[in-house]
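S.K.: So that we are looking at the same thing, I have put the structure below in structure tokens.
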Amino acid sequence: MSKTYSISELANEFDLTTRSIRFYEDQELLHPTRRGQTRVYSSKDRVRLKLTIRGKRLGFSLAEIRELFELWDETRSGSKKQLHLMLSKIAERRAALDQQMKDITMVQLELESAEIRCRQALEELHQKQREEEQTESSDQASPSSSATTH
């Protein structure tokens, strides 16, 4: 008999909430059996949960993960169709990540440009403030010297 797992055991092992595991079950990614009110997860469910977590980390949607599982379930050993689909999903994900990297680079350049403009404007304000302070101090010095001459 293969090993079985409770929802709490899987939650602890994969650092998930039991609610997340039930959600994956609702999304038809896991198929536990029931013993009364208790969910009993198989070794296959454990592997599917591990693959679901890995797929999410790689950026796959739950629908994409489910599609891959369904292809696997059709043949019990995987298939050429499943492997091609996986390669296609990997290529799509890479393209999306490449675009995100380009977008991030553009945003960083825009932020750098904005920072330079802000620092220049701030320096101009400081320079103007210093000039005004110098003008005020020389204006204050001039009337006092002219007042003593009268």
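S.K.: Using only C-alpha positions, report the orientation-averaged shadow area of the convex hull of segment 1-60, nm², one decimal.
M.R.: That works out to 4.0 nm², a quarter of the Cα hull's surface.
S.K.: Another question, if that's okay. If a/c stays under 1.5 just call it rounded; otherwise compare a/b with b/c (prolate if a/b is bigger, oblate if not). Do that for segment 12-98, with a ≥ b ≥ c from the square roots of the Cα gyration tensor eigenvalues.
M.R.: Note, shape of segment 12-98 comes out oblate.
S.K.: Could you give the length gained by full extension between Arg93 and Thr17, i.e. 0.36 nm per residue of separation minus their alpha carbon distance, to one decimal place?
M.R.: 24.7 nm
S.K.: What residue among Asp139, Asp103, Asp26 shows peak mean-square fluctuation when the chain is described by a Gaussian network model with Cα springs under 10 Å?
M.R.: Asp139
S.K.: Quickly work out the Leu85-to-Glu28 label distance, labels modelled 7 Å from Cα along the C-beta direction, and quote it in nm with one decimal.
M.R.: So the label points at Glu28 and Leu85 sit 1.2 nm apart.
S.K.: Shape verdict for segment 30-81, please, from the Cα gyration tensor: rounded (a/c under 1.5), prolate (a/b greater than b/c) or oblate.
M.R.: Oblate, because a/c is 1.5 or more while a/b does not exceed b/c.
S.K.: For Ile104 and Arg119 in one chain, what is 0.36 nm times their gap in residues minus the Cα-Cα distance, to one decimal in nm?
M.R.: Result for the pair: 3.2 nm of gain on full extension.
S.K.: Shifting gears a bit: So if each residue of separation counts as 0.36 nm, and I subtract the Cα-Cα distance between Arg57 and Arg35, what length gain in nm does that give?
M.R.: Once the chain is fully extended between Arg57 and Arg35, it gains 4.7 nm.
S.K.: Now a separate question. With the chain treated as a Gaussian network of Cα nodes joined by springs under 10 Å, which of Ile116, Ile90, Ile21 yields the largest mean-square fluctuation?
M.R.: Comparing Ile116, Ile90, Ile21 in the GNM, the peak value goes to Ile116.
Laboratory data are not the source of any read-out in this text; all were calculated from the coordinates shown. No experiment lies behind these values; they were computed from the predicted model shown. Glycine gets a Cβ as well: all are built from the backbone with ideal geometry, and neighbour counts include every protein chain shown.
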